[in-house]
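Every read-out reported here was derived from the displayed coordinates using simple, explicitly stated rules and does not represent laboratory data. Keep in mind it's a predicted model, so treat the numbers as computed, not measured. Counting neighbours? That spans all protein chains shown, and the Cβs are built from the backbone with ideal geometry, glycine included.
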Amino acid sequence: MIELLDKGEKVKAASRKLRLLSTDEKNEAILSISRELEAHKEGILLANSIDVENSKKKGMKESLVDRLALSEDRIAGMIESCKNVVSLSDPVGEIENTWVQKDGLQISRVRVPIGAIGMIYESRPNVTVDASILSLKSGNSVLLKGGSDAINSNKAIVSIIKKALTSAGLPEGSVELVEDTSHQAVEEMLKMNQYLSLIIPRGGAGLIKFVVNNSRIPVIETGTGNCHIFIDYNADVDKAVMIVENAKTQRPGTCNAVETLLVHRAIAAEFIPRAAQILTEKGVELRGCTESIRYWKMLPATEEDYATEFLDLVLAVKIVEDVDEAISHIEKYSTGHSEAILTNDYANSRRFLKAVDSAAVYVNASTRFTDGGEFGFGSEIGISTQKLHARGPFGLKELTSYKYTILGDSQVRK
C-alpha cells in the first residue's frame, strides 16, 4: 500500500497550501476544471461506456446502472455544478462572531478548512467532480476512493481535474484518486489518521457500516435513505398520486427516492387503487401489508421490506390508523434521511414536522428534493443522516470547521 500512503502524504501537504489561497484563486481553479470537462467530454463518455458495459455483464440492476451512466446532459450538469460552486460565497475566513472580554482581549470565531478529506463512494462518477470542487472551494484537499464499477470513469475525470489544477497553479495532491479498487485499500485508507482529518462514506448501508465500524478517522455518514411518504386522511388524492409517482419513479436508484408508502386507513380505499395503477404501469413492484392487498394485488410485505432501501422500482406499502402510527413506523424503520406527509390538516402537518427526527421532513412535496442543488447549496458532497457536525445536504460550509483568533495588547492572565 505504498502508493496509498504516498497519496495520503500528498493530500496532507496540499491541504497546508490550499488553506492560504484566495477566493479568486480557488474559483479560477474550479472554472479551469469546468473548461477541461467540456473539452474532454468525449473521453469521459468513452471511459464511462466501458464501466457501464462491464456492470451490465455482471448483472447490475438497471436502477444502479442508471446511477453509474453518464451522458452529455450529465456532464453538462457537472460543468454547471462547477459554475454554481464558483458563484457561492466562500466560507473560509468568515468571522462568525467577535467580542471583547473585560481584560481587553478581542476574540473572534473564524471559519477554516477541515484539512485533508477522504471520500469513499460507490457508482455515480459525478460525485468525483462534486467532491473535488466543494473540497477545493472550502480550502481542503481530497483523497477519492470510488467503487470498482466506476474506475474507468473516475480515472478519466480525475486526470482532467489534475490537469486543470496544475494549469491553475494549485499544489500537487489537491485532488488524488485511489486506483486500487480492492477492499484492502479501503481498510488501509481508514487507518490513515496521520494524513486525513475526515472520512465521508457515500453509498449503501454495507459500505457506511463498514467505514463507521473500522475507521480511526472521524466519519460523517451520508447516503442511506429508507424514505417514507405518509398519505393522511384528507390528502388531495390527485396531487398525492403525482407526488408519490415522482418520489418513486423519477430516479429510483437515488437515496432520496421513497421506499415505503404509509396510507391512512380512511383514504386507503380511494388512494391505493389510484396510486397502484400508475405505479404498476411505471414498472413498480408493490409489496403491501395484509390490509393493503385487499385494495390491489400486491406481494405480501415482510418485516425486512419495511427496513430496506431498495434503490429500485420496488415500494413497500402499509395502512396505518393515524399520523401517530405513521410517525411510530418511521421512527422504527427510518435511516434518518427524508420523510414526507401529504395532508390538508395543519395540526397533523405540524405534529409530523416536530415528531419526525430525520434530516429533511416535508409537507406536501416529494422527497426527491433532498439535494444540495435543489436546496440552493450549489452542490453537495452527500446527504448526512447524522446530527454532528453536519446534517442533510452536506455543502460548502459543512466542509469547514472554525478556530478562535485572539487579538491582545500585552495582556497576561492574573
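Restricting attention to region 366-411 and to residues that are surrounded by 15 or more Cβ atoms within 10 Å (Cβ to Cβ) and of a type in the set (A, V, I, L, M), the residue that is nearest to the chain's Cα centre (by Cα) turns out to be 383. Out of the residues in region 67-88 that are surrounded by fewer than 17 Cβ atoms within 10 Å (Cβ to Cβ) and over 21 Å from residue 378 (Cβ atoms), which is farthest from the chain's Cα centre (by Cα)? Among them, the one singled out is 72. Within region 51-62, being hydrophobic (A, V, I, L, M, F, W, C) and either closer than 22 Å to residue 79 by Cβ or exposed (fewer than 13 other Cβ atoms within 10 Å of the Cβ) (or both) holds for one residue alone: 52. Picking from residues in region 107-159 that are polar (S, T, N, Q) and farther than 30 Å from residue 405 by Cβ, the one that is farthest from the chain's Cα centre (by Cα) is 159. Exactly one residue among 132, 108 is within 16 Å of residue 381 (Cβ to Cβ), of a type in the set (S, T, N, Q) and either surrounded by fewer than 19 Cβ atoms within 10 Å (Cβ to Cβ) or in contact with a strand residue (DSSP E or B) (Cβ under 7 Å, 6 or more places away or on another chain) (or both), and that residue is 132. The residues in region 351-396 that are within 25 Å of residue 146 (Cβ to Cβ) and outside any loop (DSSP other than H, G, I, E, B) can be counted, and the count is 5.
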